[in-house]
């Protein structure tokens with residue numbers, strides 16, 4: 001079978017078109033992700049999507065919709081926590097990454113959600129793309145291109161230097177000028193940090209306890 | 001607001017970062033059209049003062065007004081690009097951006113037509129004597145050239161206030177004199193309010209500037 005024949009199959013053609021569109025336009029967004037050190041955010045969004053899918057399946061809601069909704073909520077929460085606590089986005093994203101993956105497994109376990117279905121939101125085959133998926137991919141690519149074309153001077157100002165961009169009138173860091181940190185945001189962050197710390201300690205303790213029990217057996221063996 | 005009004009007013013401003021008091025009950029009043037040099041040893045809080053005025057640094061207590069609006073208020077937000085800022089260190093970038101594009105950053109939020117923006121960029125570069133740098137890559141410029149472009153970028157913003165953090169630190173004596181002369185002329189001809197942080201002994205010997213000395217977070 002040659003390439004022309006392969007493209008006569010709609011799934012292959014759709015997959016190919018989606019790859020070409022994504023390859024041409026998505027790196028534009030990738031540049032900002034790398035320049036603004038948002039790599040950890042990517043993993044957090046994956047885990048938030050997993051949590052969304054688990055919640056969606058537990059509540060019999062479309063997992064894709066629930067995943068997207070959770071991602072939007074996670075972005076808002078991370079941005080708020082990072083700004084109000086004065087931490088870097090990377091730290092805040094890491095905490096949310098741990099929190100969302102923990103919650104996702106808790107939901108999967110407690111609600112009896114098939115984990116394979118929940119994880120299905122993160123993986124898939126390019127050949128399974130529907131016509132709607134292709135249209136959405138193209139629309140997203142156009143949106144990225146329009147965003148970059150319309151706001152390139154402002155975006156390049158932020159990439160150049162965030163403080164300079166702010167001083168030049170770009171709405172880069174609005175809440176920094178707030179007189180006091182938001183007490184609710186700060187409290188939320190403290191609770192979250194302690195929850196992650198305590199859960200990690202409990203996990204470590206349980207492992208140590210189990211190791212202590214099995215140590216004599218290992219010695220005997 | 002008339003030019004005679006106070007341009008920057010700070011009363012009892014306190015800033016603490018990680019438990020260290022950077023600014024203590026700081027009071028400052030700068031009239032519109034005035035030129036002020038803020039001097040003081042390292043760690044006195046000079047850069048923090050500029051960042052607080054810009055809205056880049058939170059403060060815990062006190063009041064701060066710039067161009068008649070409390071910093072952080074809706075009104076201040078609307079005209080905050082009237083405050084230009086040249087930062088202390090020469091910015092190092094690892095992506096291709098030309099001198100002209102750097103100056104363009106100052107005009108990126110101005111509601112102007114392309115032609116008008118272009119004219120403003122070229123005028124600002126000419127005023128700073130750096131028109132020859134428009135097509136040069138920013139990353140390959142010297143510290144002094146970068147500093148000149150930074151001031152041109154601010155001028156592009158059409159500011160009422162210029163905050164300069166050691167703008168002459170990486171310049172040779174001739175360029176230093178030239179920049180000081182340009183700043184003086186901007187202040188006298190356009191009525192620009194200038195607040196400059198400086199260690200430069202030559203700048204501090206200027207008798208036509210008001211000199212304020214900072215020590216341990218407040219004015220001596």
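Looking at region B:101-115, is at least one residue more than 19 Å from residue A:172 (Cβ to Cβ), away from chain A (no Cβ under 11 Å) and in contact (Cβ under 8 Å) with a residue 24 or more places away in the chain? Checked against the condition, which is being more than 19 Å from residue A:172 (Cβ to Cβ), away from chain A (no Cβ under 11 Å) and in contact (Cβ under 8 Å) with a residue 24 or more places away in the chain, region B:101-115 yields no hits at all.
Yes or no: residue B:167 within 14 Å of chain A (Cβ to nearest Cβ) and touching a residue at least 40 places away in the same chain (Cβ under 8 Å)? Before you say what the answer is, go through the steps one by one.
On the way: within 14 Å of chain A (Cβ to nearest Cβ): yes; touching a residue at least 40 places away in the same chain (Cβ under 8 Å): yes.
Spelling it out, residue B:167 is indeed within 14 Å of chain A (Cβ to nearest Cβ) and touching a residue at least 40 places away in the same chain (Cβ under 8 Å).
Here is the figure for region B:159-177: residues that are in contact with a strand residue (DSSP E or B) (Cβ under 9 Å, 6 or more places away or on another chain) and assigned to a loop (DSSP other than H, G, I, E, B) total 5.
Working only within region B:37-67, note down all residues that are facing another protein chain (nearest Cβ under 10 Å) and assigned to a strand (DSSP E or B). Answer for region B:37-67, where residues must be facing another protein chain (nearest Cβ under 10 Å) and assigned to a strand (DSSP E or B): B:61, B:62, B:63, B:64. In region A:43-59 there is no residue matching the filter, namely being touching a helix residue (DSSP H, G or I) at 6+ places or on another chain (Cβ under 6 Å), surrounded by fewer than 17 Cβ atoms within 10 Å (Cβ to Cβ) and within 14 Å of chain B (Cβ to nearest Cβ). The set of residues from region B:12-25 being part of a strand (DSSP E or B) and under 24 Å from residue A:166 (Cα atoms) comprises B:13, B:14, B:15, B:16, B:17, B:22, B:23. Considering region B:74-132, the qualifying helices (runs of 4 or more DSSP H), each wholly inside and each with 3 or more residues that are crowded, with 16+ Cβ neighbours inside 10 Å, run over B:99-105, B:114-127.
Which one of these is in contact with a strand residue (DSSP E or B) (Cβ under 7 Å, 6 or more places away or on another chain) and either closer than 29 Å to residue B:76 by Cα or surrounded by fewer than 21 Cβ atoms within 10 Å (Cβ to Cβ) (or both): B:194, B:182? It would help to see each step written out before you state the result.
Values: B:182 fails: in contact with a strand residue (DSSP E or B) (Cβ under 7 Å, 6 or more places away or on another chain).
None of the others qualify; the one that does is B:194.
Could you please give the count of residues in region B:7-26 that are surrounded by fewer than 20 Cβ atoms within 10 Å (Cβ to Cβ) and under 26 Å from residue B:184 (Cβ atoms)?
Narrowing region B:7-26 to residues surrounded by fewer than 20 Cβ atoms within 10 Å (Cβ to Cβ): B:9, B:11-12, B:14, B:16-21, B:24-25.
So of that shortlist, the ones also under 26 Å from residue B:184 (Cβ atoms) come out as B:9.
Of the residues in region B:7-26, 1 are surrounded by fewer than 20 Cβ atoms within 10 Å (Cβ to Cβ) and under 26 Å from residue B:184 (Cβ atoms).
Every number here is computed from the coordinates shown, using simple stated rules; none is lab data. All of these numbers come straight from a predicted model, not from anything done at the bench. Note: ideal-geometry Cβ built from the backbone for every residue, glycine included; neighbour counts use all protein chains shown.
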